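Only the coordinates and a few stated rules stand behind these numbers; no lab work does. Nothing here was measured: the structure is a model prediction, and the numbers come from that model. A quick note on method: Cβ atoms are made from the backbone with ideal geometry, for glycine too, and the neighbour counts reach across all protein chains shown.
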């Protein structure tokens, strides 16, 4: 279990993380989300003892990370996949880590196989692609068979097969009762992978909830309506909000499909399609963090 209590980090006059408290529980995949500059990386570094909080504290299984006698066997982490010696092979990189904790070479072989790197284990990592580097970083995180896994943007550089692999891996780790905290900017992937979400913006907690609850609370569900009399139907639904996808296609928000259907039937408006559209995690995230975005582009 990871517990953050009133975490605050200041650099001079700039507050990067402000009074941040949350708990990451075992048995679930917890997504850690936020716009660029939200303080996610700083928070992860404080959890892992790489940055000292200005105030507050973070613990893993009741202790600060540095308080564990063999931290690699308690917490496996991937923050920067390319932080390794380019002249070493994947095998020797992992063996160097294993020697620091008395981890047997059989475990090195195991994580190389688990991450699909056995066939390149003796190659120097300077020749690795971004995706292969990510796999090696994940192998290092899992080397100590830890009960807690912290991964920062683990799908960067992975091809579709690799993305599916990491999704399956994270779910299986959680199913084994491990604590899994993963940050990502890919909302579609988080929607498929995470059970719980912690969302921050400008260093503050915005949401600590499940994926379903966040999407439902956003109120972003809509109804796709296809009709040759779209303009006429629009005037009959003054309480709804509309997005026009095509001259005959509307996305209607604020009304149920049944209400739209009844209004259309009452005025003999033909409907070629009337389909409820589920709200997306991406839209819910955008709505929640709209006021916390550091850089916002102007409309095209």
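Observations
- Percent of C-alpha pairs per 10 Å bin in the stretch 222-277, short distances first: 27, 68, 5.
- Pair-distance distribution of the stretch 17-105: all C-alpha pairs, bin width 5 Å, starting at 0; shares per bin in whole percent are 2, 10, 18, 22, 19, 15, 10, 4, 0.
- Taking the DSSP bridge list for the chain and keeping only pairs wholly inside it, about 65 percent are antiparallel.
- Legend: calculated FRET efficiency, residue 36 to residue 70, from the Cβ-Cβ distance at R0 = 41 Å, rounded to 0.05, equals 0.75.
- Span from the the stretch 149-186 Cα centroid across to the the stretch 69-120 one, whole angstrom: 17 Å
- Ordering 65, 11, 91 by the number of other Cβ atoms within 10 Å of each residue's own Cβ, fewest first, gives 11, 91, 65.
- Acute angle (nearest 10 degrees) that the helix 257-266 long axis makes with the longest principal axis of the chain, alpha-carbon atoms: 10 degrees
- Here, the stretch 202-300 is characterised by an Rg to Rh ratio of 1.08, where Rg is the alpha-carbon radius of gyration and Rh the Kirkwood radius.
- Cα Rg, Dmax (largest Cα-Cα span) when computed across the chain, Å: 23.5, 77
- Cα long-axis angle, helix 105-114 against the chain (0 to 90 degrees, to the nearest 10): 20 degrees
- Sites residue 52 and residue 100 - FRET efficiency at Förster radius 30 Å, r taken between beta-carbons, to 0.05: 0.85
- Its relative contact order, with pairs defined as Cα atoms under 8 Å and 6+ residues apart, puts the chain at 21 percent.
- The tail of the calculated P(r) for the stretch 135-218, taken as Cα-Cα distances beyond 22 Å, holds 28 percent of the pairs.
- The stretch 67-176: radius of gyration and largest Cα-Cα distance (Dmax), Å: 13.0, 38
- Exposure proxy shown here: for 75, 120, the number of other Cβ atoms within 10 Å sets the order, fewest to most, as 120, 75.
- Taking the number of Cβ atoms within 10 Å of each Cβ as an exposure proxy, the fewest-first ranking of 184, 83 is 83, 184.
- Net length gained if the chain between residue 204 and residue 232 were fully extended (0.36 nm per residue, minus Cα distance): 5.6 nm
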